[in-house]
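The values are calculated or read from the model by the stated rules, or taken from the named source; none is laboratory data. For clarity, every value in this text was computed on a predicted model and none was experimentally measured. Backbone-built Cβ (ideal geometry, glycine too); neighbour counts: all protein chains shown.
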Amino acid sequence: MIRKCKDAVLLALIYLSSFFTVLLLACIILYVFAKGFPVLSASFLTTVSSALKGTVGIAGNIVNTLYIVIITLLIAAPIGIGSAIWMNEYAGRSRWVRLIEFTTETLAGIPSIIFGLFGMVFFGRTLRLGYSILTGAMTLTLMVLPLITRNTQEALKAVPDSYRSGAIGMGAAKWYMIRTILLPSAMPGIVTGVILAVGRIVGESAALLFTAGSGYLLPRPGIMGLFRKIMEPGGTLTIQLYLSMSKAQYDVAFGIAAVLLCLVLIINFLTKIVAGRLDVTSGS
Amino acid sequence: MAEAVFTICAFFTVLAVVSITLYMFANGLPAIFKVGIREILFSTVWKPAADEPSYGILYVILTSVTGTFLAVLIGVPAALLTAVFLVEIAPAKLAAVVGPAVELLAGIPSVIYGLLGLMLLNPLMYRWEKALFRGSDTHQFTGGANLLSAVLVLAIMILPTVINISASALRAVPAQLKASSLALGASHMQTIFRVLIPAAKPGIITAVVLGVGRAIGEAMAISLVSGSSVNVPLPFNSVRFLTTAIVAEMGYAGGVHRQVLFTIGLVLFLFIMIVNVVLNGILKKGAQKND
């Protein structure tokens, strides 16, 4: 009898915890959307905040976020994928692979504020890049590298060995085999890693505060303006959200939060779709 | 040729970790030599801008330790029970709701948790504070930005990490253990709490350690929620964590003050390295057991 009571209490606690988790998510989404959607408007999304014109907008921050996502991926994706290829296809099970796996784990565990400090002194001061989008992107490269490396590595591990021996047996050179057989088969896994990295970058703030800074203006017109922007400071959506929040501009903060939450939902959905095609051996 | 390029890519992470370590020490140590290790680590007075500045960060360290401990204390049981629900209890339809919800929680940017903490938790805390300390003339009122708010935000933020990793640990428990326990007449609950959870212990400990790492390193979510003065870590005090001290003051600090902020960064870095070493130890032990 006592045991039955105990069991019932435990089961109730289990249900309660899970219910709480789901309720929490539902409340967060509903609250942010309820407070944020009324703020969203065409001018909020397409203009820059300006006291002169009397506009409040986050267009500059959206552009900055895009810049940082693209530049970070341009640097991090080749390095991460290359690293995974070396570990899985060239190095065998050597001591070096264990060392690299260990450092990758370590890098994944370092808090973003430490990346921010390092990026500020190394990229900002030692390399003299100052507060700029490039400094921010390089800092974030270090942060998302483990994510891309590990996902690529898992994807390569999942490619059956028969694919490799088949290609080599037909006389393909190793690099040719990797390029034409392995990478296409591993593509869903690699893309999943990249999408997860985009999610990390979009949501990151502590590593960017002291590296990319807090500009909110659009790039100057012309091609040169687009390139010059890379060397200028630029705050992403999260940074602007933080700054608005500390200045008690809660309307703007909730507007940005709603935009960010939409992005998170989209990224989550994309990961699901891509990850659904992960098994290379099944059918088409 | 291709191999050479890939090798360089692979050793990039080694280079990154080594340079981060070197830079953290190179920037964190000067203040220790200048101010003295005892004045920094064991003094409780933080007055970096005073005429006779004092750079004691003991309260900041204690706040991070206490805050992380309390967040884990609250977050881990809830997370473990949710993991049990996902793996053992939930019918497929419910698991299909709870699983994705956990993933989404993990994806929400930390500034949003901070915003919600500021808008929802702080007013609630302020009401409690007014009720609790009515008539007290020693308590400094904080408007709700206190340790407790930060702890709750952190507890929520570590949920996804702990749930996911404990769930995979529970899934990896051999099916015959569960079958034998049930066959011996144990109830489902007894099997879960006496057989499955003990069998999944290394994985669950890993989950907790990762949760600790996540909580101690979080900055933006709690930087406004936790208040802004260096204080004894009591639930209703306005406090500074290692991370929030850096976020709040790095923007304007100069000279020794700035160097001390890097020392705070170094302390945080060392905490994380300890967490990593512990984690590695657990994983190795687990690997040996399975051999």
Hey, B:G203 farther than 30 Å from B:G144 by Cβ, surrounded by fewer than 19 Cβ atoms within 10 Å (Cβ to Cβ) and within 20 Å of the chain's Cα centre (by Cα) or not: no
Kindly evaluate A:I62 against the criterion of being assigned by TED's automatic domain parsing to the domain that holds A:G136 and modelled with pLDDT of 90 or more. yes
Only one residue in A:G124, A:G136 is touching a Phe, Trp or Tyr at 6+ places or on another chain (Cβ under 9 Å) and within 12 Å of another protein chain (Cβ to nearest Cβ). Which one? A:G124
So if I check each of A:I114, A:I75, A:I81, A:I100, which one is crowded, with 21+ Cβ neighbours inside 10 Å, under 16 Å from the mean Cα position of the chain (by Cα) and of a type in the set (V, I, T)? A:I81
In segment A:79-104, what residues are more than 7 Å from chain B (Cβ to nearest Cβ) and either within 25 Å of A:I230 (Cβ to Cβ) or free of Cβ contacts under 8 Å to residues at least 60 places away in the same chain (or both)? A:G80, A:I81, A:A91, A:G92, A:R93, A:S94, A:R95, A:W96, A:V97, A:R98, A:E101, A:F102
Matching residues in segment A:128-165 (touching a residue at least 12 places away in the same chain (Cβ under 8 Å), in a helix (DSSP H, G or I) and farther than 21 Å from A:A197 by Cβ) number 2
If you go through B:A186, B:A169, the only one that is under 25 Å from B:G75 (Cβ atoms) and aliphatic (A, V, I, L, M) is B:A169
Tell me, which helices (runs of 4 or more DSSP H) wholly within segment A:173-284 include 1 or more residues that are closer than 22 Å to A:G80 by Cα and either in contact with a helix residue (DSSP H, G or I) (Cβ under 7 Å, 6 or more places away or on another chain) or assigned by TED's automatic domain parsing to the domain that holds A:P160 (or both)? A:174-177, A:183-203, A:206-209, A:250-275
Could you look through segment B:251-262, keep only residues that are touching a residue at least 24 places away in the same chain (Cβ under 8 Å) and over 19 Å from B:S223 (Cβ atoms), and pick out the one that is farthest from the other protein chains (Cβ to nearest Cβ)? B:V256
Pairing a residue in segment B:27-38 that is within 14 Å of another protein chain (Cβ to nearest Cβ) with any residue that is of a type in the set (S, T, N, Q) and part of a helix (DSSP H, G or I), where Cβ atoms lie under 7 Å and the two sit 6 or more apart in sequence or on different chains, gives B:G28/B:T263; B:P30/B:Q259; B:A31/B:Q259; B:A31/B:T263
Considering only segment B:85-116, how many residues are touching a Lys or Arg at 6+ places or on another chain (Cβ under 7 Å) and either facing another protein chain (nearest Cβ under 8 Å) or within 15 Å of B:T161 (Cβ to Cβ) (or both)? 0
Is it true that A:I266 is surrounded by fewer than 19 Cβ atoms within 10 Å (Cβ to Cβ) and among the β-branched types (V, I, T)? yes
Of all residues making up segment B:188-211, the number that are closer than 17 Å to B:V87 by Cβ and facing chain A (nearest Cβ under 10 Å): 5
Condition set part of a loop (DSSP other than H, G, I, E, B) and modelled with pLDDT of 90 or more, scope segment B:235-249, selection nearest to the other protein chains (Cβ to nearest Cβ): answer is B:F241
Those helices (runs of 4 or more DSSP H) completely within segment A:1-119 that have 2 or more residues that are more than 18 Å from A:A258 (Cβ to Cβ) are A:2-36, A:59-85, A:95-109, A:112-119
From A:K272, A:K247, A:K229, grab the single residue that is among the basic types (K, R), within 13 Å of chain B (Cβ to nearest Cβ) and under 28 Å from A:L52 (Cα atoms). A:K247
Restricting attention to helices (runs of 4 or more DSSP H) lying wholly within segment B:69-133, give those where 2 or more residues are small (G, A, S) and under 18 Å from the mean Cα position of the chain (by Cα). B:92-107, B:110-116
Exactly one of A:L117, A:L107 is free of Cβ contacts under 8 Å to residues at least 60 places away in the same chain and either in contact with a strand residue (DSSP E or B) (Cβ under 6 Å, 6 or more places away or on another chain) or within 11 Å of another protein chain (Cβ to nearest Cβ) (or both), and that residue is A:L107
Tally the residues that are in contact with a strand residue (DSSP E or B) (Cβ under 9 Å, 6 or more places away or on another chain) and buried (at least 24 other Cβ atoms within 10 Å of the Cβ), restricting the search to segment B:211-244. 1
Selection over segment B:69-119 where residues are in contact with a Leu (Cβ under 8 Å, 6 or more places away or on another chain), small (G, A, S) and free of Cβ contacts under 8 Å to residues at least 24 places away in the same chain yields a count of 3
Does B:R214 satisfy the condition of being within 9 Å of chain A (Cβ to nearest Cβ), assigned to a helix (DSSP H, G or I) and of a type in the set (K, R)? yes
With respect to B:I57, determine if the residue is within 21 Å of B:S229 (Cβ to Cβ) and either within 14 Å of chain A (Cβ to nearest Cβ) or among the hydrophobic types (A, V, I, L, M, F, W, C) (or both). yes
Can you find even one residue in segment A:250-260 that is more than 14 Å from chain B (Cβ to nearest Cβ), modelled with pLDDT of 90 or more, within 21 Å of the chain's Cα centre (by Cα) and over 18 Å from A:L134 (Cβ atoms)? no
